[in-house]
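This report refers to the structure that appears directly beneath it.
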Amino acid sequence: MKPFEKILFVFLLLGIVVAVFYNSPSVKYIPPTFVPVNKGNFHCDVSDTVFGIDVSHHQGIIDWITLKNEHPEIEFAYIRCAVGPKKKDRMYRRNVTEARKVGIKTGAYFYYYSNRNSTEQFNHFRSMVDMSKHELAPVLDIEKPSKYGDENLRAGLANWLALVEEEYGVQPVLYTNLGYYNQHLKGYFNSYPK
């Protein structure tokens, strides 16, 4: 499986997350293995879904023209800008520029360090991101538990999310996996897109 296909597969599984905050006409491409999900009061099928990817320097130099030609169904890319209070993603600016050149909408995502000061991390995010270059709401990616406990973790996340909302006037998206959400965040941040 090519790196782009792995990324696409992940977003096919998480496509409804994006549909919550990104409004787009229905996508004509229907993946051959897609099966509509109907559980309880929630129903999602392909007409509710838009396709996108998230990228960072881990994907190396992306050929955005080839990506768009081989996967025209991809409408957006979340591009990692930074990690924690000091690290920069060295491919961020290039990825934003090149994705936009081929008509892919962009958003910035920030990888949050659960054991570090949330205000310092927000300040680092703010120093890295020019929101006028993006069409999508900012994203906070949280994947690791805090050694200081869930209550402290949630207080830091709430602070970061509030600072972003105050700075940019838009509600950020909370991005995590289902297991992490269920173990550390369930019942909290209910007003935020996930």
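Pairs to check: Lys87/Lys133; Lys133/Lys186; Lys68/Lys133; Lys88/Lys147; Lys68/Lys144. Give those whose C-alpha atoms are more than 29 Å from each other in this structure. Intermediate results must be reported in sequence, preceding the final value.
On the way: Lys87/Lys133 20 Å; Lys133/Lys186 32 Å; Lys68/Lys133 19 Å; Lys88/Lys147 24 Å; Lys68/Lys144 32 Å.
Going by Cα-Cα distance, Lys133/Lys186; Lys68/Lys144 fall outside the 29 Å limit.
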Full extension between Lys86 and Glu135 adds, at 0.36 nm per residue less the Cα distance, a length in nm of 15.2 nm
Among GluC sites (Glu not before Pro) in segment 105-194, those in a DSSP loop whose Cβ has at most 15 other Cβ atoms within 10 Å are Glu135, Glu143
Spelling it out for Thr106: with amide H atoms placed in the peptide plane at 1.01 Å from N, the residues 5 or more places away or on another chain with amide H under 5 Å from its amide H are Ala77, Glu135, Leu136
Residue-ordered couplings for segment 157-172, obtained by feeding phi - 60° into the Karplus form 6.51 cos²θ - 1.76 cosθ + 1.60 and rounding to whole Hz (Gly and Pro as x), are 4, 4, 5, 4, 4, 5, 5, 5, 4, 5, 5, 10, x, 9, 6, x
A chain fully extended from Arg93 to Tyr148 at 0.36 nm per residue, minus the present Cα-Cα distance, gains in nm 16.5 nm
In Å², rounded to a whole number, the accessible area per residue of segment 42-172 with probe 1.4 Å is 46 Å²
On the accessible surface of segment 57-194, probed at 1.4 Å with all protein chains in place, carbon and sulfur together account for a percent value of 47 percent
Here the FRET efficiency for Glu73 versus Asn182, based on Cβ atoms and R0 = 30 Å and rounded to 0.05, is 0.50
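The values are calculated or read from the model by the stated rules, or taken from the named source; none is laboratory data. Keep in mind it's a predicted model, so treat the numbers as computed, not measured. Reconstructed Cβ throughout: ideal geometry from the backbone, glycine too, with neighbour counts over all protein chains shown. Areas reflect the complete protein model, heavy atoms only, side chains present, ligands, DNA and RNA absent. Shrake-Rupley method; radii C 1.70, N 1.55, O 1.52, S 1.80 Å.
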